[in-house]
Amino acid sequence: MRRISYLFLSVATFFMFIENGRAELTGRDIVEKVNAQQKVGSRVGRSKMVLINKAGKTREREVLQYEKSYKGAKGFDQKMLVFFEFPADIRGTGLLVYTYIDPKKDDDRWLYMPALKKIRRIAGESKNEYFMGTDFTYDDIGGRGVDEDNHKLLGMEEVGGVKCYKVESVPIEPENLYSKRVAWVLPDKWVAIRVDFYEKKGALLKTLTASDVRQVDGIWTPFKLEMNNFSENHKTILEIKEVKYNQPIDENIFTTTILERGKVQ
Amino acid sequence: MKRSRWIGLILLVTIGILQAEVEWHGFLMQHSAFRLQSPQDAMLLRTRWRLNGEYSRDNLFGYASLDVMNDLTRQEATIIDLKMAYIDLYGERLDWRIGKQQVVWGKADGYFINDIVNPLDLSYFLLQDFEDIRMATTLVKAKWHTGNHSLETVFIPEFKPTKLLFSGNWGFARPDSVTFDLSQFNAALPAMPLTLPLYYETDIQGEYSLRKAEWGFKLNTFLFGTDLSLIYLKMREDRPVYRKTVEMETMTIAPGVTIPVPTQLILQPTHPWLKFYGFNFSRPFGMWVLRGEGGYFPKRYFDSASMSALQNSNGVVAKPFWQGMLGLEYQLTASIDLSVQAIHEQIEKYTAGIQTDKQTNIGTLMVRGHFANETLSPLLLMLYNFEDESYLSRLLVEWNYADNLVLAAGIDLLGGKADTIFGRFDRNDNVYFKIVYSF
């Protein structure tokens, strides 16, 4: 089951895995520790995505997003609501996602398209689908459970002059889009500043680079993420314009009524 | 209230509106279609400028949408149309939308079973965008909601009939005469065919009435992973049902002996009141999504050509009628979605002479692709009527050249016998092009 958790933030942080100087920890121990550390009660953020094709032509998206963690209450893991604010032709498009603690239970997902004025139920099990034309799949932007990959520490390596832990994660489920991911993690901030994604045949498919790491409400957050898709010669640059953690969010905003309304009061 | 208070109130409202954040957006669209068959003429040369205005303040939201349109093939003056104009008021548990708006209740693609709040504009048949096929009407919608349960009520003082054309490329041609056996009118007359001319009275364009307002509700819930809705609507028939009156003249058949003889049939369009009960649901199963929709009219009115109906009920008969749709969606690959629907309609207690088929069985297939980071989106849509073997198929390719520029090209193919739902437009196969600039 795919779990969408802490969109964009988690892309760069879910590979955090190990305490400095505690290399004797197993991969599983580390990922469990990291998952517990990065969990926040809620997140409200506004982001800009720039999509760049091989000819250098750009398209922009601006999204407003609300997320709330339920930690298993009533079976929920997390609820997420995303509104597209720009450009004009997709303005008002919204996505509502419920994820569940039970790993066997699929996500519930609804998509509202203003042109059709209709809420569509969409299949919850779409791991390899790209998210609204970006180079992030739903699986990329979703956190993975500790048991969904086999993790292996490959050693220390410098990235941009900074020494990082290098870890390899191999998905257990055979239908995953990737054969493995390799991440470089800052030891002091526990943020992955680079992740390589390998396709099934072993070739490098995509590279994620995270930068402009700042602390917000005690959470280290990369404000710029760049995903390069080598097979498509396409890349997506994601910039966080504003983000707040652990703010009180009304439970009732995660409903189809608010999805259709297109805005939260 | 004293005049000064009125002025103050107006000033307050005006200042409030001016202080609100007003946003303008819209698009400029050129849409052209050319017939594939002889004479290969232009079927559509439409330029449209859409301006949408939005203002927002606290729990108040206003929206207005204006179309300026010109179709060179129709030789009409430029049309300025206020497509929608409404105000939203958001409460903690109760939302209001007041004004000219569209209400979408159905789940079917390309077919209208639960989508019956707004009348349809069929002046381009089903080949417009759905936002254009549904005609916004002035109504009040109140939605009470808690969690994923909601009750939506509508009160619709404006009535507009379905927009139909009776001539032109997309006209629903009507017969101009009907043939009866003369002796059926009067046993004294000989048994011989009598062809009567038909005279159609003009339909209403629309009317407002608080007393005769349509109303209804939709109850929505989310249970066991399934979206469920129940619908009730007290409504008027949008499409015209013709009340028929035979015009008679006195004929002298022998000195001092006269009999009334029919000379013309007058058809008066009516829009009878109906009660509609509906439901819909959708539920995913892994990579599949199952959707369904049903509707039931205990009494729906149909035109009848039988003499008994003409004599007893002005050529209109009331019958129970139901419709249902079952649909399945599947994600074929990460870039291709597939959707199939089976649609059934049936008139119960059917009697001879009803001018609508007893049953209709339609299958639909939709294949939608999204390639090159969703900049290239092909779509194949097919509707096939199994009863009369008529069909409509549409192939469309959209290219998002830039964020604000979409280029599209497509082909529509329609076929079947001349008296069938799609076959009547058999000669309207066309290729079309669209350019949409959004701002």
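The values are calculated or read from the model by the stated rules, or taken from the named source; none is laboratory data. Every value quoted in this text rests on a predicted model; they were computed, and no experiment measured them. Cβ placement follows ideal geometry from the backbone for every residue including glycine, while neighbour counts extend to all protein chains displayed. Side chains are part of the model used for accessible areas, which takes the heavy atoms of the whole protein and leaves out ligands, DNA and RNA. Shrake-Rupley method; radii C 1.70, N 1.55, O 1.52, S 1.80 Å.
Tabulated results
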item	result
Considering residues of region A:220-234 that are away from every other protein chain (no Cβ under 11 Å) and touching a residue at least 24 places away in the same chain (Cβ under 8 Å) only, the residue farthest from B:T375 (Cα to Cα)	A:W220
Unmet requirement for B:L383, which otherwise passes all of (1) crowded, with 16+ Cβ neighbours inside 10 Å; (2) in a strand (DSSP E or B); (3) within 14 Å of another protein chain (Cβ to nearest Cβ)	(3)
Condition broken by B:T356, with the remaining ones in (1) within 14 Å of chain A (Cβ to nearest Cβ); (2) over 30 Å from A:T134 (Cα atoms); (3) of a type in the set (S, T, Y) satisfied	(1)
Test: residue in region A:176-190 that is on the phi > 0 side of the Ramachandran plot and either in contact with a Pro (Cβ under 7 Å, 6 or more places away or on another chain) or open to solvent by 60 Å² or more (accessible area, probe 1.4 Å) (or both)	no
Qualifying strands (runs of 3 or more DSSP E) (wholly inside region B:257-304; at least 1 residues being under 22 Å from B:R174 (Cβ atoms) and not small (G, A, S))	B:257-270, B:288-303
Leading residue by the ranking (least open to solvent (accessible area, probe 1.4 Å)) among those in region B:192-237 that are part of a loop (DSSP other than H, G, I, E, B) and closer than 30 Å to B:R283 by Cβ	B:G225
Residues located in region B:329-353, provided they are within 11 Å of another protein chain (Cβ to nearest Cβ) and open to solvent by less than 60 Å² (accessible area, probe 1.4 Å)	B:E329, B:Q331, B:A334, B:S335, B:I336, B:D337, B:S339
Checklist (1) part of a strand (DSSP E or B); (2) farther than 29 Å from A:D102 by Cα applied to A:E232, failing item	(1)
Pairs, first within 14 Å of chain B (Cβ to nearest Cβ) in region A:236-260, second small (G, A, S) and surrounded by fewer than 20 Cβ atoms within 10 Å (Cβ to Cβ), C-beta under 7 Å, six or more apart	A:N252/B:G147; A:T255/B:G147
Residue match in region B:55-63 (condition: modelled with pLDDT under 95 and outside any strand (DSSP E or B))	yes
Any hit, region A:62-76, residues being of a type in the set (A, V, I, L, M, F, W, C), open to solvent by 50 Å² or more (accessible area, probe 1.4 Å) and part of a strand (DSSP E or B)	no
Of the criteria (1) of a type outside the set (F, W, Y); (2) open to solvent by less than 50 Å² (accessible area, probe 1.4 Å); (3) assigned to a strand (DSSP E or B); (4) at pLDDT below 90, which one A:L154 fails	(2)
Hits in region B:405-424 (condition: crowded, with 16+ Cβ neighbours inside 10 Å and within 14 Å of another protein chain (Cβ to nearest Cβ))	B:V406, B:A408
Selection status of B:N169, touching a helix residue (DSSP H, G or I) at 6+ places or on another chain (Cβ under 8 Å) and in contact (Cβ under 8 Å) with a residue 24 or more places away in the chain	yes
Region A:214-265, subset charged (D, E, K, R) and out of contact with any Phe, Trp or Tyr (no Cβ under 9 Å at 6 or more places or on another chain), residue surrounded by the most Cβ atoms within 10 Å (Cβ to Cβ)	A:K235
Considering residues of region B:108-128 that are of a type in the set (D, E) and more than 21 Å from B:E76 (Cβ to Cβ) only, the residue modelled with the lowest pLDDT	B:D109
Members of region B:70-118 found to be within 24 Å of B:G327 (Cβ to Cβ) and more than 14 Å from every other protein chain (Cβ to nearest Cβ), listed by number	B:I116
Selection status of B:V257, crowded, with 19+ Cβ neighbours inside 10 Å and more than 28 Å from B:E207 (Cα to Cα)	no
Residue identified as part of a strand (DSSP E or B) and not hydrophobic (A, V, I, L, M, F, W, C) among B:K434, B:K417	B:K434
Residues of region B:283-312 classified as more than 27 Å from the chain's Cα centre (by Cα) and either modelled with pLDDT of 95 or more or on the phi > 0 side of the Ramachandran plot (or both), total	1
Every pair of residues 6+ apart whose Cβ atoms lie under 7 Å, when the first sits in region A:111-122 and is within 9 Å of another protein chain (Cβ to nearest Cβ) and open to solvent by less than 40 Å² (accessible area, probe 1.4 Å) while the second is part of a strand (DSSP E or B) and among the β-branched types (V, I, T)	A:R121/B:V289; A:I122/B:V289
Residue check for B:I362: more than 30 Å from A:Y138 (Cβ to Cβ) and either in contact with a His (Cβ under 6 Å, 6 or more places away or on another chain) or open to solvent by 20 Å² or more (accessible area, probe 1.4 Å) (or both)	no
